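Student: My questions all concern the structure below.
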Amino acid sequence: MIEILPLFILLPLLGFVLSLLIPAKSENWLSRIAFTITGTHFFLIVGFIIYWLFHSYPTLNIKELVLFKTPTYEFFIDFYFDKVSAVYLFVGAFLTFLVTLYSRDYLHREPGYKRFFNTILLFYTGYVLTVFSGNLETLFIGWEILGVTSFLLIAFYRDRYLPVKNAVKVFSVYRIGDVGLILAMWMSHHLFHENITFLKLNNAEMVNEHFQSHSFIGVFIAMMILMAACVKSAQLPFSSWLPRAMEGPTPSSAIFYGSLSVHIGVFLLLRTFPFWEHQYSVRILFGLIGLSTSIVATFIARVQSSVKTQIAYSSIAQIGLIFIEVSFGLNDLALYHFAGNAFLRTYQLLVSPSVVAYKIREQFYHFVPRKQTLEDSFPKRIEYSFYILSLKEWNLDTFMYKYYWNPFKWAGNRLSFLSFNKALYLFVPAYLLALITSFYQDDIPVYIHHYLAEIFALIGLLMVLKAFTERRQTFLSWFLVIFNHFWVALAISFNEHFGWKETVFYLGGITIAGTLGFIILRRMKKLEGNIDLDSFHGHVLKHPKMALFMLIACLGVSGFPITPTFIGEDLIFSHIHENQIVLAVMASFSFIVDGIALIRIYARVFLGPHLKSPEDAPYRSS
Amino acid sequence: MKKEHGSFNEFDVLHQIKHYLPAQAPLKDFIHHNTLHAFQHLNFFEACRLANSSFGYKTSLSLKEYRQLYSEGKINPEIIKACINRRKGEENLSVWLNKMIEKEYHSLTLPKIGSVRKNWKKFYRIDLDSLVFPILFRTLCSYLDQGISIWNFPVHHKGFLSSLREMEKNSFVSLFKTERAKNLLLSSTCSIHSLLELLVGKEELYEDYLYDQQFAHQGWSGMVSSIEDNPNGLLDHKKISLHDLIVFELLLEIDVLDNHFTDIWAPLGSRIKTEHEPLMKPIMETEFHKVLRLWQEAYEWSFYDEVLRGIQTNPLTISSPSKKSFQGLFCIDDRECSIRRHLELHDSNCETFGTPGFFNVEFYFKPEHGKFYDKVCPAPMTPKFLVKEIGGKGQGDTDANFHKQTNSLFFGWFISQTLGPWSAFKLFLNIFMPRMSPATASSFKHMHHKSELSIESSNPPQFEHGMQIGFGIDDMVQRVEGLLKSIGLQNNFAQLVYVVGHGSSSVNNPYYSAYDCGACSGRPGGVNARVFCYMANHKEVRKRLAERGVHIPEETIFIGALQDTATDEIAFYDEDKLGENYLQQHLQNKKTFAQALDNNAKERSRRLVTTDSSGSAALVHERIKRRVVSLFEPRPELNHATNALCIIGRRGLSKGLFLDRRAFMNSYDYATDPDGKYLLNILKPAAPVCGGINLEYYFSRVDNQKLGAGTKLPHNVMGLFGLANGADGDLRPGLPIQMIEVHDPLRLLMIVEHFPEVILNSLSQSPETYEWFKNDWIKLVAVHPENRNLYYFEKGEFHPYQTIHSETQLLENAENLFENNIENLPVYQLKGLMV
């Protein structure tokens, strides 16, 4: 039965590709493909799970495809199937099938009909891939797909300001989770000296043995996994992104933020359970985060006066409880709780427009002027304080600004003196110099050599910070983002000699995608004149094809699994030693900012209200 | 106390702003109105120009769209010529034709609104809106919330600002980030003027600053203003005013600026050096405006002319059937236009009438167990009567999924484990087998079918909340007489007279009350129908009516009914009180209704792409019913979309015509009303109701982003009173795109069958009604009742009109038409209704 596993991933992928080929006008064919594929998939999965149950539900593992191999390093796709996969798969397939059916009529006549089904199918591919993944690398591919499709669905109404702004915001929070995973992969390379599969993690003796000698590394990995899970499942302190993600059509909010996407964090915890099972301090931390999230989110949910944000915060609170259940090792309960919560929230979001008719009617017959709530029994000062605090979402959104975006902005703004020419005169010779140094690095004194890698990585980081805050010069921003990768590659080459093949893998994709992006930007500049980064331009209205290619270019540069850069990134990290925390931090910061800067360029140039036709543009506040 | 501060008069400015803000009431009372009501004192085109230049609203289709319509043949070339001739003279025909069809215009002018406040970004590089709005909207929504939040706003009885003050005074946490704003709030002297002094500093900019600020989120400001003026719009009353909103917003702005700049910042006015242009400065009509105007008129007359031609050629002598199977009184509503036609087609012996659907009985309705009173008459009226339901069932079924406890922590834990899987099952069922659920807003639930009503007052009358319970005999006589005389039904009653109110069912539709009867303040009209029937069946009432010239024979009986315009179902009330000898005829008529409703459903299905129109009418009807209760269907019906006409006259004027559900129809017989007394009574509500509906559709269609609500699909219900996109958006007044996408933006053409001088005389007696016509917000045509000559009204006078369209086509079988067309259909002469 193991041979069938890849089929489950290929089927939605096939649906995605087919849906791309169909003209936007034929709603019927688009929806038919979507629900045939998801429907077939659902029934296959049900059949498979039943078959699997009757064959004493073994844990399945298949090493599917080796993508890259050197004597010390192997990047391979691995599939895995067990109880956790079964539940996630069933819930995911069921809800996706229902939601595609639901959306068939619901989205009728919506201008983005095709885009919607493309994105849903791609999302589903990513979801299935994540759920089937047998190692962190495979999981990461699925994870990235989920991130990008999230961005696309939040910004579904791309001609309005708020959806685009929130999409960029959510994407940049997701980026923290991505880095968590990358660092976890990095450290586990060093811990296990291979791309370890989840199957092997089940071998408690083996895992324990590794921990004996490297207890810090074990904690580090667990913390990174936890961070990734907290981001994706909107736990503290990242919770405030979830209500802001409710910008797309209601069914997409239901399936993403009500059910499937937010529970992926829990999935990650369950999947890596054997890894931290015996790290009790980490488990206590899991539990505490879950506990504090569920309390805070409940307070916030109680004061929410809009239907969708209330559901969002209630869902976060339940996921907090699931975290606690996982930390206690009650994995079966957690799985059941996940399924129940996912179903409930999806349904609640889908019927949320009915709430007006229902509640007004209920109120008409049962109105009580002012219901006493628990909080009314608090002392007045406490009551008001908690109310205002909850109204302000416990400052969670401000927190993200203060400790996440603003420091990056601040650092980038210090570099505002760099104009295009200055940057050119500064960085190009510097890079050449550095390149020359790298050829003669054996002649460099050891104590200098030691720092060079970090210095170069820092220069790379500064470049992306500048790119991230640049307001005028789009090209400068674009070049800096690309150059960043070259600096990182150079920095790592000081660390260890790695072959030209690896360099090609890493920089090849970036160069191609970078050139593509440059061509598009130049063409846009010629056609439209203004493409600066000071405001959203909304050029997608007139240039949808260019926008699509630009998106692909941005994804290519940012290491999305469509170019070999994706593997290269993992590869690069494998060359950072486990004691080079500074280098790892800088490389991962570059990686975060790099992604945000890229999506910012894409969003500013192509998304938002069309600046050139203000008479048709929606209000900024709408 | 109001103080005079130089040029800025706070009271006047706020009053003016309130006038221009969207006037949409909270969701439970969706009432259509002219979106640009504040401009109604101006001529339509002038108003459109001004609204465009000051507020940036799009007020007509774009030139490209008009040209597109022309190339699709939807604007008639002959009419274009006629329009140019009328406006510009025949000698300029070719010049203007060229301008309309060929010439390129570059017309982009930026609106004046926002021009003061945008300087924050320009000079201070700060995005004030994105820092202020989230917390402002959140606080407003929580304060006004009607029952979504579990933990309500802790202080509520004092008014918005005082409540905030009370909370700020007694809290460790503040809504503000800095001290100064908080202290300003706590010192109760902070006035709008003093805050503007801090923020703006230049008095001549104050007024426009406030306009900029409030129109940057006109949804919220409009809602606050509407609740301030009509606190009953919310079941859970909230005290709030635009003044409070503005003060709070100004404080938040100061707070954000204090927080952003560590230093003292100079007021905005100090940086603005350029000469300031007043917001409402009228602008000249340019050639581009003239071209747009010609296009709009040509577009409208292309349709008007076709209709007028049809009416003119419609045979003059359609008399009412001699032996009547029944008579039916329907609402004036454009959706009733087709059901009346189908009834008449199916049963040539029936006769139908149209009148506003509250049937001239205005009252509050209180269902059994209800805690509130529902107004069931046109919105501007304030009834003195109360009708109570006895023996109703209250709320009916409930759904645990809507329960607030699902969102609590511990109960939520339990719920998600139990109710969770159950929701999955329910969702599955609704997608594969949609059916009625507690989530559905059903018109038939408004009043329980088998309940009794307290229609007649006791002696002496009882009062509740200052309202008299039930009507006295005199009140009844007056109302029945008023209605029957206005529609010209004083003799020749059939044995059975059906009085049919209408409502609409839908699910997942926050606009549900916009689909119900507009003449009943957005409620189903079934109660009114029953109340009217009771009165008309009353022996004492009939006796007195006879004295006043209305002779209802003893054997005539009135039967109330409610028709659902979405499901095309009908319920008759008090059938069990019918005597034996009526029953057979009634059953026969019920079959007629059933068949007509099937046909009506089939006709409606032609515009609903996701419902298959092929097959028998009964089959299509089943599909329509299923559609209405489907969660995933954002268009339960199309409501008033495509409305463009209002016909006031005898049924014979339009009986033989296929008008494609585009006409409001009010029955009226000029012969019984030679001096136009009843006509005035008809026009007075018809102009604001039909005109309001028409113009709301018009403006939501031409500018769906700014004057409409955009697409419905991402809408998020805010506090049960409004809708916004996502979590932090402004409220979206107006109609969503799903309601207006098939609508053609034409002004209403009111066709009145009477002598022009009588119409003019009637109109001149009511200045506020006359304004609609004088300023061209509604177009008016008089049909001479004796020879069907036509006269159009312009600039205060009637002018003779010659139709341009040739023959009206004859339609034999509409069935095919319904299966294969989704576009507007031309006016046809119906073969089945020819004499």
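The values are calculated or read from the model by the stated rules, or taken from the named source; none is laboratory data. It should be emphasised that the depicted structure is a prediction, and the values quoted were computed from it without experimental measurement. With ideal geometry, Cβ positions are generated from the backbone for all residues, glycine too; neighbour counts draw on all protein chains shown.
Student: Anything in region A:318-335 that is among the polar types (S, T, N, Q) and within 23 Å of the chain's Cα centre (by Cα)? List them, or say none. If you could, list the steps in order and put the result at the bottom.
Tutor: Let us first name the residues in region A:318-335 that are among the polar types (S, T, N, Q), namely A:318, A:327, A:331.
Of everything in region A:318-335, just one residue is among the polar types (S, T, N, Q) and within 23 Å of the chain's Cα centre (by Cα), namely A:GLN318.
Student: Restricting attention to region B:94-116, and to residues there that are among the aliphatic types (A, V, I, L, M) and modelled with pLDDT under 90, which single residue is surrounded by the fewest Cβ atoms within 10 Å (Cβ to Cβ)? Please lay out each step first, then the result.
Tutor: Narrowing region B:94-116 to residues among the aliphatic types (A, V, I, L, M): B:95, B:97, B:100-101, B:108, B:110, B:113, B:116.
This time we only want the ones that are modelled with pLDDT under 90, so: B:108, B:110.
Details: B:LEU108: 9, B:LEU110: 11.
By that ranking, first place goes to B:LEU108.
Student: Can you say whether B:LEU760 is assigned to a loop (DSSP other than H, G, I, E, B) and among the aliphatic types (A, V, I, L, M), as far as the supplied structure shows? Working first, answer last.
Tutor: Details: assigned to a loop (DSSP other than H, G, I, E, B): no; among the aliphatic types (A, V, I, L, M): yes.
The answer is no for B:LEU760.
Let's see how each residue does on (1) at pLDDT below 95; (2) part of a loop (DSSP other than H, G, I, E, B); (3) among the polar types (S, T, N, Q):
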residue	(1), (2), (3)
B:VAL13	yes, no, no
B:PRO22	yes, yes, no
B:ALA25	yes, yes, no
B:LYS28	yes, no, no
B:ILE31	yes, yes, no
B:ASN34	yes, yes, yes
B:ARG49	yes, no, no
B:SER53	yes, no, yes
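Student: For residues that are within 14 Å of chain B (Cβ to nearest Cβ) and small (Gly, Ala, Ser), scanning just region A:210-243, find the one that is nearest to the chain's Cα centre (by Cα). Let's see the steps before the verdict.
Tutor: Taking region A:210-243 and keeping what is within 14 Å of chain B (Cβ to nearest Cβ), we get A:234, A:239-243.
Remaining after also requiring small (Gly, Ala, Ser): A:234, A:239-240.
Numbers: A:ALA234: 12, A:SER239: 14, A:SER240: 15 Å.
For region A:210-243, the residue satisfying everything is A:ALA234.
Student: Of all helices (runs of 4 or more DSSP H) completely enclosed by region A:525-622, which ones contain at least 1 residues that are touching a strand residue (DSSP E or B) at 6+ places or on another chain (Cβ under 9 Å) and touching a residue at least 40 places away in the same chain (Cβ under 8 Å)? Give the steps one after another, and end with the answer.
Tutor: Working: elements: A:544-557, A:565-574, A:581-606.
Answer list for region A:525-622: A:565-574.
Student: Another question, if that's okay. For A:ILE492, state whether it is buried (at least 24 other Cβ atoms within 10 Å of the Cβ), in a helix (DSSP H, G or I) and over 25 Å from the mean Cα position of the chain (by Cα). Before the answer, list the steps.
Tutor: On the way: buried (at least 24 other Cβ atoms within 10 Å of the Cβ): yes; in a helix (DSSP H, G or I): yes; over 25 Å from the mean Cα position of the chain (by Cα): yes.
It is true that A:ILE492 is buried (at least 24 other Cβ atoms within 10 Å of the Cβ), in a helix (DSSP H, G or I) and over 25 Å from the mean Cα position of the chain (by Cα).
Student: Let me ask something else. Starting from residues that are among the aliphatic types (A, V, I, L, M) and not in a loop (DSSP other than H, G, I, E, B), keep the ones in region B:624-654 and report whichever is surrounded by the most Cβ atoms within 10 Å (Cβ to Cβ).
Tutor: In the first step, residues of region B:624-654 are kept if they are among the aliphatic types (A, V, I, L, M); the result is B:624, B:628-629, B:631, B:638, B:641, B:644-645, B:647-648, B:653.
Next cut, not in a loop (DSSP other than H, G, I, E, B) only: B:624, B:628, B:645, B:647-648, B:653.
Working: B:ILE624: 25, B:VAL628: 25, B:LEU645: 26, B:ILE647: 28, B:ILE648: 25, B:LEU653: 25.
If we take residues in region B:624-654 being among the aliphatic types (A, V, I, L, M) and not in a loop (DSSP other than H, G, I, E, B), then B:ILE647 is surrounded by the most Cβ atoms within 10 Å (Cβ to Cβ).
Student: Could you please give the count of residues in region A:527-545 that are surrounded by fewer than 21 Cβ atoms within 10 Å (Cβ to Cβ) and within 25 Å of A:ASN118 (Cβ to Cβ)?
Tutor: Of the residues in region A:527-545, 5 are surrounded by fewer than 21 Cβ atoms within 10 Å (Cβ to Cβ) and within 25 Å of A:ASN118 (Cβ to Cβ).
Student: Under 8 Å between Cβ atoms, at least 6 apart or on separate chains: pull out the pairs that start in region A:334-360 with a residue that is at the interface with another protein chain (Cβ under 7 Å from one of its Cβ atoms) and end on any residue that is among the acidic types (Asp, Glu) and not in a helix (DSSP H, G or I).
Tutor: Pairs that qualify, where the first residue is at the interface with another protein chain (Cβ under 7 Å from one of its Cβ atoms) and the partner is among the acidic types (Asp, Glu) and not in a helix (DSSP H, G or I), are A:TYR358/B:ASP399.
Student: Out of B:ASP263, B:ASP212, I need the residue that is within 14 Å of chain A (Cβ to nearest Cβ) and either over 39 Å from the mean Cα position of the chain (by Cα) or buried (at least 19 other Cβ atoms within 10 Å of the Cβ) (or both). Which one?
Tutor: Values: B:ASP263 fails: within 14 Å of chain A (Cβ to nearest Cβ).
After applying the criteria, what remains is B:ASP212.
Student: Looking at A:ILE324, A:ILE311 in this structure, which one is more than 9 Å from chain B (Cβ to nearest Cβ), in contact with a Leu (Cβ under 7 Å, 6 or more places away or on another chain), at negative phi and part of a helix (DSSP H, G or I)?
Tutor: Working: A:ILE311 fails: more than 9 Å from chain B (Cβ to nearest Cβ).
Answer to the check: A:ILE324.
Student: Any residue in region B:303-321 that is under 28 Å from B:PHE385 (Cα atoms) and either surrounded by fewer than 24 Cβ atoms within 10 Å (Cβ to Cβ) or more than 14 Å from chain A (Cβ to nearest Cβ) (or both)?
Tutor: There is no residue in region B:303-321 that is under 28 Å from B:PHE385 (Cα atoms) and either surrounded by fewer than 24 Cβ atoms within 10 Å (Cβ to Cβ) or more than 14 Å from chain A (Cβ to nearest Cβ) (or both).
Student: Here's something else I'd like to know. All but one of (1) in a helix (DSSP H, G or I); (2) at pLDDT below 90; (3) among the hydrophobic types (A, V, I, L, M, F, W, C) hold for B:PHE133; state the number of the condition that does not hold.
Tutor: Single failed check for B:PHE133: (2).
Student: Of all residues in region A:244-255 being in a loop (DSSP other than H, G, I, E, B) and among the aliphatic types (A, V, I, L, M), which is nearest to the other protein chains (Cβ to nearest Cβ)?
Tutor: Within region A:244-255, the first condition is being in a loop (DSSP other than H, G, I, E, B), and the residues that meet it are A:245-249.
Of the ones still in play, those that are also among the aliphatic types (A, V, I, L, M) are A:245-246.
Details: A:ALA245: 8, A:MET246: 5 Å.
Checking each candidate, the answer is A:MET246.
Student: For the list (1) farther than 21 Å from A:LYS392 by Cα; (2) out of contact with any Phe, Trp or Tyr (no Cβ under 9 Å at 6 or more places or on another chain), I need the number of the one condition that B:PHE176 fails.
Tutor: With (1) farther than 21 Å from A:LYS392 by Cα; (2) out of contact with any Phe, Trp or Tyr (no Cβ under 9 Å at 6 or more places or on another chain) applied to B:PHE176, the lone miss is (1).
Student: Conditions first: (1) facing chain B (nearest Cβ under 9 Å); (2) crowded, with 22+ Cβ neighbours inside 10 Å. A:GLN363 passes all but one, so which condition is the exception?
Tutor: (2)
Student: If you check every pair at least six apart or on different chains, which have Cβ atoms under 6 Å apart with a residue in region B:149-174 that is facing chain A (nearest Cβ under 7 Å) first and a residue that is part of a loop (DSSP other than H, G, I, E, B) and modelled with pLDDT under 90 second?
Tutor: B:TRP151/A:THR373; B:MET167/B:VAL155
Student: Considering only residues that are assigned to a helix (DSSP H, G or I), buried (at least 21 other Cβ atoms within 10 Å of the Cβ) and of a type outside the set (Val, Ile, Thr), which ones fall in region A:463-475?
Tutor: Residues satisfying the conditions are A:MET463, A:LEU465, A:LYS466, A:ALA467, A:PHE468.
Student: If you don't mind, there's one more thing I want to ask. For residues in region B:699-741 being closer than 29 Å to B:SER149 by Cα and among the β-branched types (Val, Ile, Thr), which is farthest from the other protein chains (Cβ to nearest Cβ)?
Tutor: B:ILE737
Student: Do any residues in region A:25-48 that are modelled with pLDDT under 95 have Cβ atoms under 7 Å from those of residues that are aliphatic (A, V, I, L, M) and not in a helix (DSSP H, G or I), where the two are at least six apart or on different chains, and which pairs are they?
Tutor: What qualifies is A:TRP29/A:ILE22; A:LEU30/A:ILE22; A:ILE33/A:ILE22.
Student: Sticking with this structure for a sec: Out of region A:84-138, which residues are buried (at least 22 other Cβ atoms within 10 Å of the Cβ), within 14 Å of chain B (Cβ to nearest Cβ) and part of a loop (DSSP other than H, G, I, E, B)?
Tutor: Correct list: A:LEU107 only.
Student: So which residues in region B:386-397 are modelled with pLDDT of 80 or more and surrounded by fewer than 19 Cβ atoms within 10 Å (Cβ to Cβ)? Don't jump to the end; show me each part of the working.
Tutor: Residues of region B:386-397 that are modelled with pLDDT of 80 or more, as a first pass: B:386-391.
Of everything in region B:386-397, those that are modelled with pLDDT of 80 or more and surrounded by fewer than 19 Cβ atoms within 10 Å (Cβ to Cβ) turn out to be B:ILE390, B:GLY391.
Student: Kindly evaluate A:SER493 against the criterion of being in contact with a Ser or Thr (Cβ under 8 Å, 6 or more places away or on another chain) and of a type in the set (Ser, Thr, Tyr).
Tutor: Values: in contact with a Ser or Thr (Cβ under 8 Å, 6 or more places away or on another chain): yes; of a type in the set (Ser, Thr, Tyr): yes.
Yes, satisfied.
Student: In the list B:GLY501, B:GLY560, B:GLY488, B:GLY482, which residue meets the criterion of being under 16 Å from B:PRO356 (Cα atoms), assigned to a loop (DSSP other than H, G, I, E, B) and in contact with a helix residue (DSSP H, G or I) (Cβ under 8 Å, 6 or more places away or on another chain)? Walk me through it before giving the result.
Tutor: On the way: B:GLY501 fails: assigned to a loop (DSSP other than H, G, I, E, B); B:GLY560 fails: assigned to a loop (DSSP other than H, G, I, E, B); B:GLY482 fails: assigned to a loop (DSSP other than H, G, I, E, B).
So the residue among B:GLY501, B:GLY560, B:GLY488, B:GLY482 that is under 16 Å from B:PRO356 (Cα atoms), assigned to a loop (DSSP other than H, G, I, E, B) and in contact with a helix residue (DSSP H, G or I) (Cβ under 8 Å, 6 or more places away or on another chain) is B:GLY488.
Student: Using the structure shown, decide if B:ASN581 is assigned to a loop (DSSP other than H, G, I, E, B), among the polar types (S, T, N, Q) and modelled with pLDDT under 95.
Tutor: Working: assigned to a loop (DSSP other than H, G, I, E, B): no; among the polar types (S, T, N, Q): yes; modelled with pLDDT under 95: yes.
Criteria not met by B:ASN581.
Student: Next question. Hand me the list of helices (runs of 4 or more DSSP H) wholly inside region A:346-421 holding 3 or more residues that are of a type outside the set (Ser, Thr, Tyr), under 24 Å from the mean Cα position of the chain (by Cα) and outside the structural domain of A:VAL231 (by TED's automatic domain parsing).
Tutor: Details: elements: A:355-366, A:380-391, A:396-400, A:406-414.
It comes to A:396-400, A:406-414.
Student: What's the number of the condition B:ILE751 fails, among (1) aliphatic (A, V, I, L, M); (2) assigned to a loop (DSSP other than H, G, I, E, B); (3) farther than 21 Å from B:CYS520 by Cα?
Tutor: So the condition that B:ILE751 fails would be (2).
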